[in-house]
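Novice: Structure provided below as C-alpha cells; questions to follow.
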Amino acid sequence: MRKFALARPAALAAAAVLLAPAATPAAAQEVWRIGEVAPLSGPAATVGTRLNKVTKMWVEEANAKGGIAGRKIELTTCNDENKPEKAVACARDMIEKGAVIIFGNALTASLRAIQPLVKSGPILLIPSPNVVPGADTYGFQVSPSDVDITEAIAEFLKANKIDKIGMVAATDASGEVGVASARKVFGDEKIELRLARIDLRATDASTQLARVAGSDIKVVYSSYTGGGAITVVKSFKNLGLAQPLIVSYGNISDAFVQLVKDVKPPRLLGTGVAGIVPEIVKDPGDRARSQAFLEAYAKRYAERPDMINLLGKAAVDVAEAILKTPNPKDYPAVKTFLESTPIPSVHTQRFSAKSHVGLDASSVIIVELKGETWVKADPVK
Amino acid sequence: MTPRHGAIAAALALAAALPYLQILPAWTTALATVTAFMALSLIGLNLIFGVGGMLALGQAAFVALPGYAAGLLIKFGVPTMLAIPAGVVAAIAIARLVAEIFVRLPGIYFAIGTLGFAFVVEGLARAFPAYTGGASGLVLDPPVSLGRDGWYALGVASLAAGILAFAFLVRGRFLRSLRLMRHDELAAQVLGIDVPRLKARVFTIGSAYSAVGGILLAYFVRVLAPESGGVNASLESLAMVIIGGSGSLFGPVLGAAGVQWLFAVSGGAAHYELLVYGLGFFLVVLFAPAGMAGAIRRAWSAATRSRPGEAAPAADSASQAAAGPGAELPARQRQGSGVCLEVERVAKHFGGLRAVDDVSFEVRFGQIVALIGPNGAGKSTLFNLVSGIEPLSGGRVRLAGRDIGDAPIHVRANDIGRSFQVPRLVGDMTTLDNVVLRFDHLSDRATEDEHRRRARAQLAAFGLAEFADRPVREIGIGYHKLIELARASAGDAPLLLLDEPAVGLTAEEVARLAAALQRLKSLGTAILVVEHNMDFVATIADEVVVMEGGRLIARGAPASVMADPGVQAAYFGALS
Amino acid sequence: MNLFTQSVISGLMTGAVYTFLGIGLVLVYRTARILNLAHGETFAITGVAAALLAGAGLPLGAALGLAILISLAFATGLHRFVLRPRAEWPAGTLILITLGAAFVVRGVLILLAGTDPLSFPVMFEGPPVRFAGGAMPLQGIALVVLGFGVSAGVGIFLAATRAGKQLLAAAENPYAAELLGVNVERARITAYAIGGLLGALAGVLLIPLIAVDFQSGLAMTLRGFIAAAISGMSPVGVLFSGLGLGLFEAMVGAYLGALYQDPVMFCVLILVALWQSRNIRFGGSRRA
Amino acid sequence: MTAVLQVEALDGGYGKLTVFRGVSLAVARDQTLGLLGANGAGKTTLLKTIAGALPSTKGRVLLDGRDVTRMPAYLRARAGIGLVPEGRHILATLSVRDNLALTRAIEGHRPDLPPFEHRVAEVYAMFPRLAERASQLGGSLSGGEQQMLAIARALLLKPRVLMLDEPTQGLAPIIVQSLAVTLAGLKGRFAMIVVEQNKAFLEQLADRILQVRSGTLVAADGRPATDN
C-alpha cells in the first residue's frame, strides 16, 4: 500500500493549517450581512454578472452614505456557476453567518434548490420571472412572472387583433417555463400557438423558424436569452421573414443591440418592465426612480443598463426597504411588512399575503427597437 | 493501532473539524458537506480512471442517475425511504448493464462511448419533464430533516467509509490485476485475468461510488438538474480527480476540496476564478502528474528524508534467505503422463488467406517440441490458436483430453503458461509482484503470503532472487526473458508455450535457459517452443515440427527432420 | 416556406460546422496521435479576437487576419512549447494537457471579453439565395462550400500527396520517418497550423451567423469530436459523418423536436463506437 | 585512411542513463565494420546516436570530416547516414511504393542525387520481390520482405554510410543466407556498419569485427580497441 502512504503528510499539512495565524476578524461594529448567490461563470454568467453589478453599486452607494439605519452593508457574493449544489452550499453558509437578506440572482434550478432553505427566513429576493415563490415562504419575486410576461404578449396580440403566434423556445429551463406559460396563457386567450424547440448547441434556427413562421403567422416570439437569441435573430433575417419578432426581456440590452444591429429583422420587439422606457411610465415616482437609476448606472459603469440590471435594481430597493424596518432580523415581521406595504422602486412592488410576486402583467410593456434605443412598440398591422 | 493509522485518524479528524475551526477562509460546513459527497462520488471515477486507466468521460451520468431513478419511483408511489436505496440499486444495475457494452470498447472508443452515455442521460432528463422535472430540475424532498451538523456528519461519515472501503478493496491481488490490465491487456488475459469481467467489475464498483455520493448530494441539494449528469460535469469531475492526484487514495478528496475551496475563496473575484482554475489544472497535468496527493507525499518525504514505502515483510526476507541463488525448482507434484496438448486438423483463415491449414501434432507431458519454419509460416498464429487469442476456423485443440477450442484465453491460462517474443512484464512493478500475478489467477486460492513465498521460491529457482524486490524496469533487458519464463512456469501449468525464448540472449544465458527448460521437462511439463536458433533447438527439443505456408511439412526427431530434403529446401536452403 | 428544403439547407450549414471542426481534430490526431481538446479554442480565440479588434475600430479584414494569426500562434505554440517537450508521455495525459489548455483559454477569454456574447459582421453580404421554398444566406453558402471544400482538400492532401503521406508516416512511426529524412517536427507543426487555421476559418465564417463567448471553445471541440469519432478519425469519413450529423440534427429539430436530438444522436454515437471497435483486439492493434 | 564516418570519444544513452562511453571508431568508404555484442550491451543505442535519433552527451560524430554532432536525425539522413533500424520499422499502413517514396524528403538537399525513378528502378532490380508487391501495404509483407524493404528504403537515401541493426533478427536461416549475399554485393559502394549477435553472419560479411561490451568497444580478441 505504499501508494497510499499519505497519512503523515496529511497530518502535517493539517497541522500547518492549524498553526497558521488564525485570521479571525476582530469583533467589528455591527453590519448588515447580505448574501448574493449569482452565476459569475458557466452558462448563465451573463445574468449573474449583470445582477451583481447592480448589487455592488447599491452596496457602494449605501456604504458611502454611512450605511443604512446606521450600519454598513457587508455583501458576500457567491458564484454558484449555475449549479444547484453550489447554490445550496452558498445559501446555507450565508444563512449560517446571519445574512438578513439573500439575493437569489441565479437561475431556475439553483433558485429551486435555495427556496426550501429559507422556510423560516431570511428573506430571499428573486429577480427571475421563472420562479414563483409560494406566499407562505420567505421568497419574494421582484420581477413579473413568466406568465405575466406572456399575458402581456397576449394582450398586445389581442390589441392588434392577432390570433396566431409562432414561438421558438430553447431546450433549457427558461424555454421549459416559457412553453408552459405560453400553452396556458395563449390557450386561455384562444390564441393559436405554433411551437418549436431549439437545442442549446444549435448554430442555425432556420428550420425552427420555417416551422413556426408560416405566412399566416403575424408575430414570432423567441423566449431565448443570450447567445442563442442571436442565432434566432440572425436566422430570422437570413430567411427574410417579414413578421415582427418579439424577443424576451433578457435581450433588452445594449449588448444585444450591438450584436444584432446589422441583422435586425424588419421589426424587433421585446418584452420588459416599463421602467426600461421611463417616458411611458405613468406613475411619476416610478418614472423618476427609473430615470435616476438608468443615469446612475450609466455613469458608474459607462454602459447603458438593461432589463436585467433593472430587475436587479428592483431587488436592491426591496432590500433597502427591509433594512429600514425596525428589525430586519424579525423575519415574520418583515414578511408581514412586505405583504402589506408597497415598495417604491423602478416599479412599485406590491406583494400581498396571497402573492409574493411584486409586479404583474400591467407593468410589462412590449417595446420596440428603433435606431439603437428601445421605445414603446407601435401596433402591428 | 500503528503510528500510521494514528496519523491517518488524526489527519482525518482534523480535516473533518476544519470547517468549524474557521481558520480557512470560506471553508464552511455547507461547502465541506457538498465537497464530502462530491469526493465520495469521485472515488468511483478515481477507481475507474486513476487506478483502472479507463478514460471515462461521462461518469457524471452515474452521479445523476440514482436521483432520477428514485424520483421516478416516488412519482409512481414508492415511499421515499424505499425509493432512495432502490434508486441507487437501479443506477448500479444500469452501470452493470452498460458496462457490458463499454468494456468492449478499446482505448479511445471507451472515452467516446461513455461521453455519449452522459449526453443520453442529460438529454433524456430534459426530454421528459413530466417524469424527470425537465430542465428546471427534479425536486427531491429528504425523508428526514437533518440539520447543518447532521448533514455534515453524514458527509464525513460516508466519505470516511468510502475511503476505508477503497483502501480495503484496492490492494493486493485486485490492485496488481488492475495495474497489469492497465499496462497490458493481452498479458493480463494470458495470465488468467478475465479482462472484460474485471473491467466491468471496476466500472460497476466505481459507478456504485458515483451513485451513492450522487444520491446523497441530490438529497442534500434537493434539486437535480440535467446538467449534473452531463458532459461538462463529467469533465469537471475528471479535472478534480487529476488535480487531487489520480490513482491515489486521498486524491479525490484533495481534488474536490481544493477546487471547491478555490472557487469559494475567489468568489466575486471579477472573473479571475476561471483562469486560476484553468491554470491550476494545466500546471498540475504539466508539472505534477501525481496531483496534490503526490506533491504532499513528495514534500513529506523530502521533509523527513525517508524513502516513501515500506520495507518488505519479515516473512518474505526469511524465505529469501532460505532460497539461495540457483536453488532447485520448488518441490511439487509431478505432471500427468501421456498426451498433454493435442492439435488436431487445426485451421485459421483470415479472409482468403490460410494462415494455418490442417495442422495436427501433439506434445506429451515431459516432452519439449520445437516449432520451426520460415517467417510467415503460421507459427505465431498457431500459438495464438492454442492460447485462445485467435478463434479457430476449424479443427480441435485438446488439453489433457479436454477440448479447449472454445474456452477463452483467461480460462486456458490456468493450464497454459505462455511467454512472448518481447517479454510483457509490468515495468513499474517489482519482479516479485510480476510473478505473484501468475499465482493470483490460478484456480488454487492460497493466501497472499503463500503466493509471495511461492513466487520468491520460483525466482530463486531461476537464479533471479536478487531482483525480486526491484521494479522490472530497473533490471537489464537480458533478464526479462528469464523473468517471464519464471512467471509462465510458476504454478505448475501442464503446458508451456514459449515464443522465441532464446532470441537476444547471450550464449551463457541460453545455456541457463536450456537448463531451466530441462528441469521443467523432468518434472513432466509439456513445452512447445517456437525458435529460430537451430543450435538451441537441437540441444533441447525431443521433437521438431516444421511448418511452411501454414501447413505442417515435417515432424520427428531433430536430427531426422533436419536431414529431410523437403525441410532442407524450404528452410535451411543454401546454408547447409 | 418549404420545411424540408429549409431543413436540408440548415443541415448543410450545421454539417459544414461539424466537418470543419472535425477535420482539424482528425488531422492532429492522425499526425501527432493527440486528441486535441483545445482545438475548439482556435474557433473561440479567433471569434473573440476578431470581435474585439473590429470593435476597437480596425477594418474587418485586418481584424479577421490578425485574429487568425493569433489563433495560429496558439495552435502551434501549444504544440511547440507544451506538447512537443512531452511527446513521450502517455496519450491519455496528453489529452488532459490539451483539456487544461482549453480551460486556460476559457479563463483568459472571460477576462478579455467578459460574459456577454460577441460577434462581427458577415463577409459575404447580400440577400439570401432562395430556391425550392428555402433560403440560404450568402455567408451560409460560403460556410458550406468552404467547410466541405477545405475539409475535402485536407482529406485529399493526406491521402494523395507526398507531403500528406509524409505527415501520416510521421504520425505512424516518427522514428522511421526521421531516419528516412522526413522532418517530423515540421510535419507535426504543419498539422497543428492547418488545424488551427481550420478552426479559425470556421470561426470567421460561422460566428457572424451566431455569436461567440468565452465558453464556445469546448462546445465546438465537442462538436468536432462527435463528427470525428463517428468517422473513426478518418479524414475522408469526417466529411460524411459531419454532413450526416448536420442533416440529422436539422431533420430531428424540424420533424421530431429538439428535445429528442441528444438522446437519439448519442445512442447512434455509442453504436458507431461499438461498430468501429469490433475489429480491434486487446492491446489496441487491429486484427489481421 | 580517409574515413567516411568518424566517431570520437562518444558518450550517449537515454536521458540521464549513460549506455555507452568513450566510443571511437572510423569506417572508410570501402569498409564494412561488424559490431558484435549481447542484448543490452549498447549496440542499438550507439547506432541510434550516430544516426542522430538520440542525443550524445560527449564526443563528436564526423561525416566526411564534417561535424554532424548537433544535427537532428532527418538532416543526417539527408547528409548520407542511413540506418536500417532494429525491428525494421516499416510503415504498415502505407504501400511498399509509398514507403519507398518517403525518402523523397531528401530531394533538393543533395545535388548529386539521381532522379527518384532511377533510384527506385535500381532497388527493384536488387529486390524484384518488392517490385511485385509495390502496391501492397507494408504491414502485409513477411518478415524477410520487410527487411528487404527496410534496406531498400535506406539505399534510396544514397547513403555515404549504411548502418544495419540486427538485420538477421527473427529471420529464417534461408533468408539470412540470401541477406548475406545481398549485403556482400553492396560492399565497397559505401561504408557499412553491421550490428549483430549472429557471429557467423558477421564473419562472412565484415572486414573487421569489434565487440561491444557493457557500453565500450573492445577488439574481437577482448583487448581494448585502438581504432583510430
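Novice: When the residues of segment C:31-57 are narrowed to those that are modelled with pLDDT of 90 or more and of a type in the set (Ser, Thr, Tyr), which ends up surrounded by the fewest Cβ atoms within 10 Å (Cβ to Cβ)?
Specialist: C:THR46
Novice: Within segment A:210-255, how many residues are at the interface with another protein chain (Cβ under 9 Å from one of its Cβ atoms), within 19 Å of C:ASP213 (Cα to Cα) and touching a residue at least 40 places away in the same chain (Cβ under 8 Å)?
Specialist: The qualifying residues number 4.
Novice: Here is a further query. If you check B:LEU482 against the conditions, is it buried (at least 20 other Cβ atoms within 10 Å of the Cβ) and touching a residue at least 60 places away in the same chain (Cβ under 8 Å)?
Specialist: no
Novice: Of all residues being within 14 Å of chain B (Cβ to nearest Cβ), in contact with an Asp or Glu (Cβ under 9 Å, 6 or more places away or on another chain) and not in a loop (DSSP other than H, G, I, E, B) in segment A:156-196, which is most open to solvent (accessible area, probe 1.4 Å)? Just the residue, please.
Specialist: The qualifying residue most open to solvent (accessible area, probe 1.4 Å) is A:ALA180.
Novice: Another question about this same structure. Which members of segment C:63-107 meet the condition of being open to solvent by 50 Å² or more (accessible area, probe 1.4 Å) and either over 23 Å from B:PHE287 (Cβ atoms) or modelled with pLDDT of 90 or more (or both)?
Specialist: C:LEU66, C:LEU69, C:ILE70, C:ALA73, C:ARG80, C:PHE81
Novice: Please verify whether C:GLY253 is touching a strand residue (DSSP E or B) at 6+ places or on another chain (Cβ under 8 Å) and within 9 Å of chain B (Cβ to nearest Cβ), treating the condition exactly as stated.
Specialist: no
Novice: Another question about this same structure. In segment B:40-63, what count of residues is obtained for those that are in contact with a Leu (Cβ under 6 Å, 6 or more places away or on another chain) and either without any contact (Cβ under 8 Å) to a residue 40 or more places away in the chain or open to solvent by less than 10 Å² (accessible area, probe 1.4 Å) (or both)?
Specialist: 5
Novice: Do we find that C:GLY47 is out of contact with any Ser or Thr (no Cβ under 6 Å at 6 or more places or on another chain) and of a type outside the set (Val, Ile, Thr) in this structure?
Specialist: So C:GLY47 passes the test.
Novice: Then there's this: For C:LEU60, state whether it is within 19 Å of the chain's Cα centre (by Cα), more than 10 Å from every other protein chain (Cβ to nearest Cβ) and either surrounded by fewer than 23 Cβ atoms within 10 Å (Cβ to Cβ) or of a type in the set (Lys, Arg) (or both).
Specialist: no
Novice: Of all residues in segment B:242-266, which are aromatic (Phe, Trp, Tyr), at the interface with chain A (Cβ under 9 Å from one of its Cβ atoms) and over 29 Å from the mean Cα position of the chain (by Cα)?
Specialist: B:PHE263
Novice: Right, next: Do we have any residue at all in segment B:264-277 that's among the acidic types (Asp, Glu) and at pLDDT 90 or above?
Specialist: No.
Novice: Something else: Looking only at residues that are within 11 Å of the chain's Cα centre (by Cα) and surrounded by 22 or more Cβ atoms within 10 Å (Cβ to Cβ) in segment B:188-197, which one is farthest from the other protein chains (Cβ to nearest Cβ)?
Specialist: Of everything passing the filter in segment B:188-197, B:ILE193 is farthest from the other protein chains (Cβ to nearest Cβ).
Okay, residues lined up against (1) part of a strand (DSSP E or B); (2) surrounded by fewer than 23 Cβ atoms within 10 Å (Cβ to Cβ):
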{"position": "A:VAL47", "(1), (2)": "no, no"}
{"position": "A:ARG50", "(1), (2)": "no, no"}
{"position": "A:LYS72", "(1), (2)": "yes, yes"}
{"position": "A:LYS86", "(1), (2)": "no, no"}
{"position": "A:ALA91", "(1), (2)": "no, no"}
{"position": "A:PHE103", "(1), (2)": "yes, no"}
{"position": "A:ALA109", "(1), (2)": "no, no"}
{"position": "A:GLN115", "(1), (2)": "no, yes"}
{"position": "A:LEU124", "(1), (2)": "yes, no"}
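Novice: Could you look through segment B:139-187, keep only residues that are farther than 26 Å from A:VAL88 by Cβ and in contact with a Phe, Trp or Tyr (Cβ under 6 Å, 6 or more places away or on another chain), and pick out the one that is surrounded by the most Cβ atoms within 10 Å (Cβ to Cβ)?
Specialist: B:GLU185
Novice: Within segment B:430-450, is even one residue of a type in the set (Lys, Arg), farther than 27 Å from B:PHE174 by Cβ, more than 14 Å from chain D (Cβ to nearest Cβ) and out of contact with any strand residue (DSSP E or B) (no Cβ under 7 Å at 6 or more places or on another chain)?
Specialist: Scanning segment B:430-450 turns up no residue that is of a type in the set (Lys, Arg), farther than 27 Å from B:PHE174 by Cβ, more than 14 Å from chain D (Cβ to nearest Cβ) and out of contact with any strand residue (DSSP E or B) (no Cβ under 7 Å at 6 or more places or on another chain).
Novice: Having 3 or more residues that are over 19 Å from D:PRO167 (Cα atoms) and in contact with a strand residue (DSSP E or B) (Cβ under 7 Å, 6 or more places away or on another chain) is the bar; report the strands (runs of 3 or more DSSP E) wholly within segment D:1-114 that clear it.
Specialist: By residue number, D:3-14, D:17-28, D:56-63.
Novice: On to the next question. Do you know which residues across segment C:175-193 are in contact (Cβ under 8 Å) with a residue 12 or more places away in the chain and part of a helix (DSSP H, G or I)?
Specialist: Those that are in contact (Cβ under 8 Å) with a residue 12 or more places away in the chain and part of a helix (DSSP H, G or I): C:VAL184, C:GLU185, C:ALA187, C:ARG188, C:ILE189, C:THR190, C:ALA191, C:TYR192, C:ALA193.
For (1) open to solvent by 40 Å² or more (accessible area, probe 1.4 Å); (2) in contact with a helix residue (DSSP H, G or I) (Cβ under 9 Å, 6 or more places away or on another chain); (3) closer than 18 Å to B:LEU186 by Cα; (4) not assigned by TED's automatic domain parsing to the domain that holds B:LEU485, each residue gets a yes or a no:
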{"position": "B:LEU385", "(1), (2), (3), (4)": "no, no, yes, no"}
{"position": "B:PRO391", "(1), (2), (3), (4)": "yes, yes, yes, no"}
{"position": "B:ASP415", "(1), (2), (3), (4)": "no, no, yes, no"}
{"position": "B:PHE420", "(1), (2), (3), (4)": "no, yes, yes, no"}
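The values are calculated or read from the model by the stated rules, or taken from the named source; none is laboratory data. Please read all numbers here as calculations on a predicted model, not as lab measurements. Backbone-built Cβ (ideal geometry, glycine too); neighbour counts: all protein chains shown. Calculation scope for accessible area: heavy atoms of the full protein, side chains included, ligands and nucleic acids excluded. Shrake-Rupley method; radii C 1.70, N 1.55, O 1.52, S 1.80 Å.
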